[in-house]
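Asks: Take a look at the following structure, please.
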Amino acid sequence: MLEAIGLAKRFGGVEAVVDVSLHVAAGEVLALIGPNGAGKTTLFNLLAGQVTPDRGRVHLAGQDVTGWTPRALAHHGLARSFQIPDVFRSMTVRENLQVALASHADRLWRFWSPLATTAVAEADCLLATAELGHLADQAAGVLAYGDVKRLELALALVGEPRVVLLDEPTAGTAPAERAGLMRTAIAAARARDAALLFTEHDMDVVFEHADRVAVLDAGRIIASGTPEAIRADPVVQRAYLGHG
Ligand SMILES: Nc1ncnc2c1ncn2[C@@H]1O[C@H](COP(=O)(O)OP(=O)(O)OP(=O)(O)O)[C@@H](O)[C@H]1O
Ligand SMILES: [Mg+2]
């Protein structure tokens, strides 16, 4: 569903991503791990169109989409969340979804069709998927952090994506909360037969929830395989797991 072929990106003297190839199939859950600064977010930015690659191609659902804008990619079925949550804090949880749904559908807002009546049913359906229905009328700015991450997940599901990229979907949440968050995200992706690619620093979450793991170190994929194979890989242990 999503394929990267030889992606590369340099920022000045920093080779952030070096010749990265990977693929995620429909319904598959791929974890991208690696130390801070390994290039995970940059790779997401290359896949989702926020950054243009110096080299390499991106294919989405069989089409070469290299260089497409984030908006064009979103309309072709690629959704992403950001490492730092990006929600409208003064709006309610439901309104955040309504704005995203209206924006995705290119619906024009007019004074006779206020936000209050826009896409309420679709918004509530996505909130139920993210297990946020009970907080629909809360201002997003007062949510607990785990609920902000759930809102981000709901926002990433706008437009029935074929590929969902989640950059640290559990970052900043309590360890006890992480498995629940991941289960919700994976159930939502599988229900849509979407490909899910996520980054994560908590190895318990990675090894429990991923079908496959790719390890990035200094911009390069140094290993990729099942969670069991990755856990046992001495190269990975040296480069990453050993540092805790
Ligand atoms: N816009 C930019 N300009 C200059 N350097 C950048 C830019 N974005 C990223 N970098 C550099 O590229 C490298 C990879 O950063 P990136 O944010 O992709 O890592 P990461 O794996 O997501 O790290 P983390 O786990 O901390 O989120 C780092 O050295 C970073 O400083
Ligand atoms: Mg990052």
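Asks: Among Arg238, Arg178, which is the only one that is away from ligand 2 (no atom under 16 Å from the Cβ), more than 17 Å from Gly27 (Cα to Cα), crowded, with 21+ Cβ neighbours inside 10 Å and not hydroxyl-bearing (Ser, Thr, Tyr)?
Replies: Arg178
Asks: While we're here: For the stretch 56-101, give me each residue that is over 25 Å from Ala4 (Cα atoms), in a loop (DSSP other than H, G, I, E, B) and of a type in the set (A, V, I, L, M).
Replies: Result: Val87, Met91.
Asks: If you take the residues in the stretch 193-205 that are at pLDDT 95 or above and at negative phi, which one is farthest from ligand 2 (Cβ to nearest atom)?
Replies: So, considering only residues that are at pLDDT 95 or above and at negative phi, the one farthest from ligand 2 (Cβ to nearest atom) is Ala194.
Asks: Determine whether Gly6 is in contact (Cβ under 8 Å) with a residue 40 or more places away in the chain and exposed (fewer than 14 other Cβ atoms within 10 Å of the Cβ).
Replies: When the stated conditions are applied, Gly6 passes them.
Asks: Now for a different question. If you scan the stretch 9-40, which residues turn out to be of a type in the set (Lys, Arg) and crowded, with 22+ Cβ neighbours inside 10 Å?
Replies: Lys9, Lys40
Asks: Residues that are over 17 Å from Thr92 (Cα atoms), over 16 Å from the mean Cα position of the chain (by Cα) and among the aliphatic types (A, V, I, L, M): does the stretch 127-147 have at least one?
Replies: Scanning the stretch 127-147, I find no residue that is over 17 Å from Thr92 (Cα atoms), over 16 Å from the mean Cα position of the chain (by Cα) and among the aliphatic types (A, V, I, L, M), so the answer is no.
The values are calculated or read from the model by the stated rules, or taken from the named source; none is laboratory data. Just so it is clear, the structure is predicted and the values come from calculations on it, not from any experiment. All Cβ positions, even for glycine, are placed from backbone atoms using ideal geometry, and neighbour counts span all protein chains on display.
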